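Student: Submitted below is the structure of interest, expressed as structure tokens.
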Amino acid sequence: MAKISFNLNGEDVTVDADPGTPLLWILREELDLTGPKYSCGIAVCGACAIHINGEATPSCITPMSLVEGRKITTIEGLSQDNDHPLQQAWTEEQVPQCGYCQSGMIMFAASLLNKNKKPSREEIDEGMNRVLCRCGTYLRVRKAIEKVIRENG
Ligand code: FES
Ligand code: FES
């Protein structure tokens, strides 16, 4: 076990963890942040996505040893009152179905718009293709992102 310190959703935290433990386990089991979801466990589905220094990253394969000193943001820390433009557009466009993948979807979308305020449709599809949705919400995801670009771009 080791003491690992990082910034989580704007607050400095220190946890006791095995450096090889995936960040997702610590977030969900130790820190009660259950927005990031476990699904594939091998960086294929995107359900566990969080931001590390602003970049969308699968937390299921991120060992705690890589978290020291980093800025970690989960869906819970993306906005104060679920009022990030993407979260509002997700509600207005009724994007989610079962919802399981949606935290990962929004974190990837936020990372995409952080890097590129006006991505093309092709760039949106390319940026979002790391998240799998078995409910097939892809078209509504794209529609919500394009709404944010139109209204805030
Ligand atoms: S659970 Fe992490 S990418 Fe699927
Ligand atoms: S909304 Fe059900 S898996 Fe995406």
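Student: Looking only at trypsin sites (Lys or Arg not before Pro) in DSSP loops with at most 12 other Cβ atoms within 10 Å, what is the longest site-free stretch of the chain?
Tutor: Free of exposed loop sites, the longest segment is 1-116.
Student: Mind checking which of 103, 120, 111 has the largest fluctuation in a GNM of the chain, springs on alpha carbons under 10 Å?
Tutor: Of 103, 120, 111, the most mobile in the Gaussian network model is 120.
Student: Another question, if that's okay. Multiplying the sequence separation of residue 117 and residue 79 by 0.36 nm and subtracting their Cα-Cα distance, what value in nm do you get?
Tutor: Here the answer is 11.9 nm.
Student: Taking neighbour counts of Cβ atoms within 10 Å as a proxy for exposure, in what order, fewest first, do 57, 21 appear?
Tutor: Ordered by Cβ neighbours within 10 Å, fewest first: 21, 57.
Student: Taking Cα centroids, how far is the stretch 111-145 from the stretch 1-66 in Å?
Tutor: When both Cα centres are located, 23 Å separates them.
Student: Could I ask something else about it? Let me have the relative contact order for the stretch 38-153, percent, based on Cα pairs under 8 Å that are six or more residues apart.
Tutor: After rounding, I find 31 percent.
Student: At 7 Å along Cα-to-Cβ for each site, give me the label-to-label distance between residue 2 and residue 34 in nm.
Tutor: Label-label distance for residue 2 and residue 34, simple model: 3.0 nm.
Just so you know, all these numbers are worked out from the coordinates, no wet-lab data involved. On a predicted model such as this, the values are computed, not experimentally measured, just so you know. Glycine gets a Cβ as well: all are built from the backbone with ideal geometry, and neighbour counts include every protein chain shown.
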